Amino acid sequence: MSPSTLFLIGLGVVLGTNHLLVRSELARRIPALFFLVVGMDVLVALAVLLVGVPGVPGIGRLLVALVLMLHLAQNFRLRLGWTTEDREAELQTELKEARRLQEEEHALHEARRQQADASAPTEG
């Protein structure tokens with residue numbers, strides 16, 4: 001096989017890995033896997049920019065690198081969505097807990113007020 005063919009196959013593997021792994025639940029649960037794929041994208045994009053693509057003129061090299069950079073942007077946008085969802089879920093949990101504590105405190109205050117009213121001497 002020629003170097004051009006091997007490079008294109010490798011590029012397809014990188015893009016396929018990027019697309020499948022980053023969009024899986026596995027990449028969300030294991031941040032190291034996410035950053036491994038992102039690092040692979042960065043390295044391949046830099047290699048394409050610096051070394052070039054065998055058998056492809058300069059503009060093709062730039063286009064391939066831009067596609068990889070686009071994947072980087074998409075990956076980080078996806079990760080931002082994940083972290084936003086996680087933080088929102090944590091905030092909702094904290095809000096529910098705060099409301100529950102506030103209701104308990106209010107009920108305790110009401111019970112003490114009623115007890116104080118019951119034990120207070122009545123005017124007559």
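Here are some notes:
- Taking the criterion of being modelled with pLDDT of 90 or more and surrounded by 17 or more Cβ atoms within 10 Å (Cβ to Cβ), no residue of the range 39-57 qualifies.
- Test result for Gly60, modelled with pLDDT under 90 and surrounded by 12 or more Cβ atoms within 10 Å (Cβ to Cβ): yes
- The set of residues in the range 70-124 being under 30 Å from Val42 (Cα atoms) and among the hydroxyl-bearing types (Ser, Thr, Tyr) consists of Thr83, Thr84.
- Apart from one condition, Gly55 fits all of (1) in contact with a helix residue (DSSP H, G or I) (Cβ under 8 Å, 6 or more places away or on another chain); (2) within 20 Å of Leu80 (Cβ to Cβ); the exception is (2).
- Output for the range 1-25, where each listed residue is out of contact with any Phe, Trp or Tyr (no Cβ under 9 Å at 6 or more places or on another chain) and within 24 Å of Asp86 (Cα to Cα): Asn18, His19, Leu20, Arg23, Ser24, Glu25
- Selected residue (criterion: modelled with the highest pLDDT) from residues of the range 66-85 that are touching a helix residue (DSSP H, G or I) at 6+ places or on another chain (Cβ under 9 Å) and over 14 Å from Asn18 (Cβ atoms): Trp82
- Taken together, the criteria place Arg87 among residues that are loosely packed, with under 12 Cβ neighbours inside 10 Å, over 30 Å from Met1 (Cβ atoms) and under 13 Å from the mean Cα position of the chain (by Cα).
The values are calculated or read from the model by the stated rules, or taken from the named source; none is laboratory data. Owing to the predicted nature of the structure, the values given are computational and were not obtained by experimental measurement. Don't worry about glycine lacking a Cβ; one is built from the backbone with ideal geometry, like all the others, and counts go over all protein chains shown.
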